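Some notes on the structure that comes next.
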């Protein structure tokens, strides 16, 4: 079978979900709805759930604001918030066009993590308005999942809200991608017999995701001096011609330029890749050439995560010496999928009523994801679990929640076993509920 035929077949497979989506989205007219979680035995129960009975929990919450977690769904409700300025690979398509993505995210939250999530798309591009709106919404939600926000404002929005909100705030394009990538890297390094503190990592692309990945993998053991990162103008280093622009407008890139690249490499992606042990690419299709893989160190590890077409096709990387290849696609081994991260991470954060989600909690999530794969047996085509291995989510939740307790950012001090039990029961209930609704015809089959 020729490579050309492979590409055409894979692209046809990549188009199939879009074709199905155009049929099924209008069939269902959206993907989420609200259903009661309380009993309604007869109409007299409305006197309990609404007036006059509801006044009693209202007075209790007024006396003790923390009681809101006991009397309402706040403890399990997350807002998926976007301004639609960087939706998937589509760019700035606006909040209405982004709404369907946020609904999809809500489904993943519910089915994989047992988390009730609701899309909130904001009609503003002003980061200050975005921040203020989120802060105003805090009473209604137990957490915020930020999604599809253009850089550089996404950094300021996340950092500000993490610092100023009383509930956990998470940007999946940054922290979620970082956690799952670190999980894959932990296991890939084990397979090739290297150590995290020794590997040299070339980051191709300097968007929000790769900058966050760099920060988290440093926390996970990679030395900053062993990192080289490129953007569209080449390798980041403190003597670049555009250093004043970086310093003033792209502070995160400037921080990378100042703290990494101990060898002082200059040039472009080829120079970054040469001699490296690992490539982590979140860039453009074709941004890596096959022959560059031969210039890497022994047993190269290659993460190529552009979707639907990666920076280099896995078979091209393998043919040129790559030992392990991970992509963002489900039809290749080693899919680096954010859905392995955020449902379990939020499950753990919500179950201990965490005030924030720290980088250390993300790193614990990565280690938990890696542990599940290691227990099942690592090999070159299996460095992270698949999304249907649902046991990863309560395991991850327990790790995240317990780290929140250790760090003093949890309102509830639960043991790791207690957090695991709560997460497992909640996730199992959520999955069984969806299956029941389908079986009984409340969710119609297409």
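Each value in this text was obtained by applying a stated rule to the coordinates, not by laboratory testing. Because the structure is predicted, anything quoted here is derived from the model rather than measured. Note: ideal-geometry Cβ built from the backbone for every residue, glycine included; neighbour counts use all protein chains shown.
Anyone know which of 184, 94, 264 comes out most mobile in the 10 Å Cα GNM of the chain?
264
Exposure proxy check: 50, 270, 402 ranked by fewest other beta carbons within 10 Å?
50, 270, 402
Suppose R0 equals 25 Å; then what is the FRET efficiency for residue 129 and residue 107 from their Cβ-Cβ distance, rounded to the nearest 0.05?
With a Förster radius of 25 Å, E is 0.35.
Considering the Cα positions of the stretch 89-195, please state its Rg to one decimal place and its Dmax as a whole number of Å.
When restricted to Cα atoms, the stretch 89-195 yields Rg and Dmax of 15.9, 50 Å.
Can you put 442, 332 in order of Cβ neighbours within 10 angstrom, beginning with the fewest?
Going from least to most buried by this count: 442, 332.
Per-residue counts of other Cβ atoms within 10 Å, averaged by peptide: what ranking do you get for 364-376, 228-240, 346-358, highest first?
346-358, 364-376, 228-240
Using helices alone, what [θ] at 222 nm do you get for the chain, with -39,500 (n - 2.57) per DSSP H run of 4 or more residues, divided over all residues and rounded to the nearest 500?
About -14500 deg cm²/dmol.
Sorting 315, 170 on the 10 Å Cβ count, fewest up front, what's the list?
Ordered from fewest to most neighbouring Cβ atoms within 10 Å, 315, 170 come out as 315, 170.
If you line up the long axis of helix 177-192 against the longest principal axis of the chain, both from Cα atoms, how many degrees apart are they, to the nearest 10?
Roughly 50 degrees, rounded to the nearest 10.
Please give the helix 416-439 orientation as an angle from the longest Cα principal axis of the chain, in degrees from 0 to 90, rounded to the nearest 10.
It works out to around 80 degrees.
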